[in-house]
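Just below is one structure, and these are the notes that go with it.
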Amino acid sequence: MPQPQPDAVADAVAGLNFDAAGLVPAVVQDDADGTVLMVAWMDAEAVRRTLTTGRTWFWSRSRRAYWRKGDTSGHTQHVRSVAADCDGDTLLVRVEQVGPACHLGTRSCFEAPLPAVRGSAPGGSGGLEPSPRTPRSEPAGEGAR
């Protein structure tokens, strides 16, 4: 696989909108089936490393250190593509995941569904129904505003 040109990587990183702490959230998605695996933080150097090494790199806010996914667990992520959102303040990193993505040992970090009212688009079913993961015995509440 050809390496991106250093100027292209520098320009891509410079075009991002980092928060006050110098970070952007990175949503990591399975390239094969679209499952959202995890969300972590990247600073400019972690983005650069991710774009140039083919592996995901993140910034740990608690340890204040870089970490490459899989170095400790062996559950690696191999980059397939990286895209910025329309505002340049969030990244979507599509990967080939080897092993579980979550540090708890599950495939995805998003394994804890919350009760939510399921809305319908105009012309849809016309009413609000509980989401498929909401237990039917619980009353449906208001949706997020």
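Brief remarks follow.
- A12 vs. criteria closer than 15 Å to Q97 by Cβ, crowded, with 16+ Cβ neighbours inside 10 Å and modelled with pLDDT of 95 or more: no
- Single match in V28, V39 (criterion: crowded, with 18+ Cβ neighbours inside 10 Å and closer than 11 Å to V93 by Cβ): V28
- Among (1) in a loop (DSSP other than H, G, I, E, B); (2) of a type in the set (S, T, N, Q); (3) over 29 Å from A112 (Cβ atoms) - the single one T72 does not satisfy: (3)
- Note on segment 75-97: residues that are farther than 17 Å from P25 by Cβ, in contact with a strand residue (DSSP E or B) (Cβ under 7 Å, 6 or more places away or on another chain) and in a loop (DSSP other than H, G, I, E, B) total 1.
- Odd one out for T72 among (1) modelled with pLDDT of 90 or more; (2) surrounded by 10 or more Cβ atoms within 10 Å (Cβ to Cβ); (3) over 16 Å from the mean Cα position of the chain (by Cα): (2)
- Restricting segment 8-34 to residues that are of a type outside the set (A, V, I, L, M) and part of a loop (DSSP other than H, G, I, E, B), the residue that is farthest from D87 (Cα to Cα): D33
- Qualifying residue in segment 99-110 (condition: polar (S, T, N, Q), more than 20 Å from G15 (Cβ to Cβ) and not in a loop (DSSP other than H, G, I, E, B)): no
The values are calculated or read from the model by the stated rules, or taken from the named source; none is laboratory data. Bear in mind the structure is a predicted one, so any value in this text is a computation, not a measurement. Positions of Cβ are backbone-derived with ideal geometry, glycine not excepted, and every protein chain shown enters the neighbour counts.
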